[in-house]
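All remarks here apply to the structure that follows.
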Amino acid sequence: RLTNLGAKSLGDIGLSDDQHPEGADYQSYHWVEGFFQNLSQHLSRPLSRNYRLLPPSVQFTITRNNGEIETRIHRNDNALQGNLISNNRLTHESHFQEVRLVEIGFGETKVSYKPGDVLWVYPRNSLENVKLAAELLNLTLTDTVTVTSPFCMEISVRELLTSYLDIVAVPERQFFELCSNFPTDELEKEKFQEFTNMKDTEELYSYVSRPKRTILEVLSDFHSVRKNLDITYLFDVFGRIKPRGFSIASAQSTCPKSAQLCVGVVRYRTNLKSERV
């Protein structure tokens, strides 16, 4: 519309690919670089993309608590609280593929679905990873986290690490940009800055993308980063857990207060010899 009115574009449309081996921001980064070059020529003056540390996106406090409080996770998608009714294996033990029939109940809550609908399920982190995260971040699991902005939530550290923060995500480039501000060790700082270099992505791909290294494994490798990590950026370092979508395998006429999922379990080992499911 603007082009038809005589406007001139400063660049081509930019499309990112969330399955790109170099990360979803790979193409957007190069698009922004080209945009700044075109804008610089249009304004007849040089422009630069100087990175600066922004304030934390979430404001919160941590207080000591001898006993864990009853918590309710803050969701903005009206998620329902379900309970696991059954989890049975469908295929024989000798079969190479493990397929399970999982039934999730919703109590007295009325839920309607049709064939082809998808049930989105929020996963939970394992107890082993939760304890490791608390150890690396020097947090006490029974302490209380009180979020005041941009939303309000009171939750124990244990529940925060278990059900809210994605502590086993494969880190993206923004993680290394943020955490490069914290280490006092110059070698670790330089290494994190190398990972953010878009002109040489092989370092990041070899260290993170190829072995599917998680954030916890990265923090375990870099002592100065985790020791000096500013805890006020906790919600920025670890993103929020995203729900997983599963096609509903049951009919509501047979399961009026629940939904059944037919799930294939994939187990494998990474190059780091750690088992993933």
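Phi angles of the stretch 124-139 translate, via the Karplus equation with coefficients 6.51, -1.76, 1.60 and θ = phi - 60°, into HN-Hα couplings of 10, 6, 5, 4, 4, 6, 5, 5, 5, 4, 5, 5, 5, 8, 6, 10 Hz per residue; Gly and Pro are given as x.
Looking at the P(r) of the stretch 105-214, how many percent of alpha-carbon pairs lie beyond 21 Å? Tail fraction, whole percent: 59. Label-to-label distance, THR142 versus LYS110, with points set 7 angstrom from Cα along the beta-carbon direction: 4.4 nm. The lysine pair count for the chain, using Cα distances under 23 Å and pairs eight or more places apart or on different chains, is 15. Using alpha carbons only, the radius of gyration of the chain set against its Kirkwood radius gives Rg/Rh = 1.02. Solvent-accessible area assigned to carbon and sulfur over the stretch 116-156 amounts to 52 percent, based on a 1.4 Å probe.
You can think of it this way: the chain between ALA7 and THR232 has 76.6 nm of extra reach, that is 0.36 nm per residue less the Cα-Cα gap.
The values are calculated or read from the model by the stated rules, or taken from the named source; none is laboratory data. Note that the structure is a prediction, hence the values are computed from the model and not measured. Please note: Cβ atoms are built from the backbone with ideal geometry, for glycine as well, and neighbour counts cover all protein chains shown. These area figures cover heavy atoms from the full protein model, side chains too; ligands, DNA and RNA do not enter into them. Shrake-Rupley method; radii C 1.70, N 1.55, O 1.52, S 1.80 Å.
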